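Below: one structure, written as structure tokens.
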Amino acid sequence: MLFLYSLFTHIAFFFLNIVALFNRKMKLFVQGRKHVFDTLQQSISAADKVIWFHAASLGEYEQGLPIMEKMRELHPAHKILLTFFSPSGYEIRKNTPAADVVVYLPMDTLGNARKFLKLAHPDMAFFIKYEFWPNYLNGLKAANVPTYLISGLFRPNQAFFKWYGGIYREAFKAFTHFFVQYESSKGLLKSIGFTNVSVSGDTRYDRVSRILEQNNTLPFIEEFIDDKTTIVFGSSWPKDESLFVPYINQSNGVKFVIAPHTFGESHIQELLTSLKKPALLYTEKEGKNLRDYDVLIINTIGLLGKIYSYADAAYVGGGFGTAGLHNILEPAAFGVPVVIGPNHTKFPEAVALAHAGGVIVVHNEEQMTNTLHDLVTNEVYRHETGHIAGSFVSMSRGAVNVIMKRLGVEG
């Protein structure tokens, strides 16, 4: 079975090389893996001590970051190796100061896993949330490397719990300990024979809570909002924008910040064309009187977390598509009421916050317009909803302490 899995991985990567000729993201996926082994050879010597963290993409990186920083603090002599599977994680965080070496994870073939582990020779390994690669996990187990899952999340329909999931169940034996978000995940692992499990919660709550402690001041935002009620649309997709732009166009006395998930030239131009209010791109703000504009489009990365601190309400994108809901915890941590689309049921934090009343789910343009109108005009409703969101995040902290305590006991 493992042989067939490895063969399929080889075949899949062959076809991905073809797709990369026509798709920019896939081109990054393929080309980014060409020099991984050279980078490892140049960056990690045989004498180095290494702790390896693997994240699928940006969201998993954010979940793993608090543990990464703690491990650096406790093991300053170790190098931190960070791998990503997706370009949307690697391209944004390839220069993160949290790690000493950042590379793509080579495809999970037996040869790649052996070569990677020989060059990296980690003393410990951490996988964030999911991404279970049998050849890498089997290699870690064979080398007796302590291996941990952080903020694990399991559902009954996953392959691990089906009759055909034996290859993954075998690979799970590599994990020294599973740290999962919920009791339901612990129960699922127990059903297939794994009892080395702790319910730690989600490390993202610890991560976003720390945002409150940093300097979130952005003078250009302060100038733009000019003490007016402000709605921030974060990580929006075209479908999201088609539903909230009509509200923007009919509103008065409100400021809007839009941070699209992607900001290619054609997308930004379409967005500008759809807006009937004075709108300005972040990259063209110099020399402009920002108070003269009603809409500011953030066509760069790295600012959204701080911008949420200025929001009176926020809409977080992804809930009207299939790519996945984006991070609702950042605005919630600031006590900002959050609006999302209906496709959120695979995100437990969204389900829980919606049930608590800190998140509002909308299904169409009419509901979007009515909800945003209510949040703008009803200050009591806005503050109560935001208070629920902020309190929920604050009370959900503590996963990092649970994990570090267990690692301390074991290590």
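Rg then Dmax, both in Å and based on the Cα atoms of the chain: 22.5, 64. Per residue, the chain reaches -14000 deg cm²/dmol at 222 nm when only DSSP H runs of four or more residues are counted, each adding -39500 (n - 2.57).
Cross-link pairs exceeding 26 Å between alpha carbons, from the set Lys25/Lys94; Lys141/Lys162; Lys118/Lys346; Lys27/Lys141: Lys118/Lys346; Lys27/Lys141. Eigen-decomposition of the gyration tensor built on the alpha-carbon atoms of the range 345-411 gives equivalent ellipsoid semi-axes of 35, 14, 6 angstrom, largest listed first.
Listed peptides 265-275, 180-190, 91-101 appear in the order 180-190, 91-101, 265-275 once ranked by packing, highest mean of other Cβ atoms within 10 Å at the front.
For Ala77 and Arg291, compute 0.36 nm times the residue count separating them, minus their Cα-Cα distance, and round to one decimal in nm. Display every interim value, and only then the final one.
Numbers: separation 214, 0.36 × 214 = 77.04 nm, distance 5.00 nm.
Additional length available on full extension: 72.0 nm.
Label point of Thr345 set 7 angstrom out along Cα-Cβ; within the range 156-190, amide nitrogens under 15 Å from it belong to 156-158. Projecting label points 7 angstrom from Cα along Cα→Cβ for Lys27 and Lys277 puts them 3.6 nm apart.
What is the percent carbon and sulfur in the accessible area of the range 1-201, measuring with a 1.4 Å probe over the protein chains and ignoring ligands? Can you show the working numbers first?
Working: 5600 of 9480 Å².
Whole-percent figure for carbon plus sulfur exposure: 59.
Using only the C-alpha atoms of the range 1-201, find the volume of their convex hull and express it per residue in Å³.
Numbers: hull volume 24.1 nm³, N = 201.
Roughly 120 Å³ of hull volume per residue.
What percent do you get for the relative contact order of the range 1-201 when only Cα pairs under 8 Å and 6+ apart count?
18
The slack in the chain from Glu183 to Lys49, taken as 0.36 nm per residue of separation less the alpha-carbon distance, amounts to 44.8 nm.
Its relative contact order, with pairs defined as Cα atoms under 8 Å and 6+ residues apart, puts the chain at 12 percent. Here Lys228 and Gln41 are evaluated by their C-beta separation; at R0 = 56 Å the FRET efficiency comes out at 0.50. When the Gaussian network model of the chain links Cα atoms closer than 10 Å, the mean-square fluctuations of Val339, Val19, Val197 top out at Val19. Taken along the Cα-to-beta-carbon direction at a fixed 7 Å, the label points for Lys173 and His355 span 3.6 nm.
In the range 352-384, which residues have a backbone nitrogen under 18 Å from the label point lying 7 Å from Ser242's Cα in the Cα-to-Cβ direction? 362-369, by backbone N distance to the label point. Which is farthest toward the positive dipole end of the chain among Asn327, Val359, Val197, measuring Cα position about the Cα centre, with Cβ charges +1 (Lys, Arg) and -1 (Asp, Glu)? The residue sitting farthest along the positive end of the dipole is Val197. Each label point was placed 7 Å from the Cα along the Cα-to-Cβ direction; for Val380 and Glu365 their separation is 3.3 nm.
For the pair Ala323 and Asn95, what calculated FRET efficiency results from E = 1/(1 + (r/R0)^6), where r is the Cβ-Cβ distance and R0 = 30 Å, to the nearest 0.05?
Working: r = 25 Å, r/R0 = 0.82.
The value I calculate is 0.75.
Our estimate of slack between Glu265 and Met395, defined as 0.36 nm per intervening residue step minus the Cα-Cα distance, is 42.7 nm.
Given an 8 Å cut-off on Cα distances and at least 6 residues of separation, report the relative contact order of the range 177-255 as a percent.
Working: 44 pairs, mean separation 19.5, N = 79.
Relative contact order here is 25 percent.
Helices of the chain meeting both criteria, an alpha-carbon length of 20 angstrom or more along the long axis and an average Kyte-Doolittle score not below 0.0, with helices taken as full DSSP H segments, are 2-19.
The values are calculated or read from the model by the stated rules, or taken from the named source; none is laboratory data. Keep in mind it's a predicted model, so treat the numbers as computed, not measured. Ideal geometry is used to build each Cβ from the backbone, glycine not excepted, and the neighbour counts take in all protein chains shown. With ligands, DNA and RNA removed, areas are computed over all heavy atoms of the protein, side chains included. Shrake-Rupley method; radii C 1.70, N 1.55, O 1.52, S 1.80 Å.
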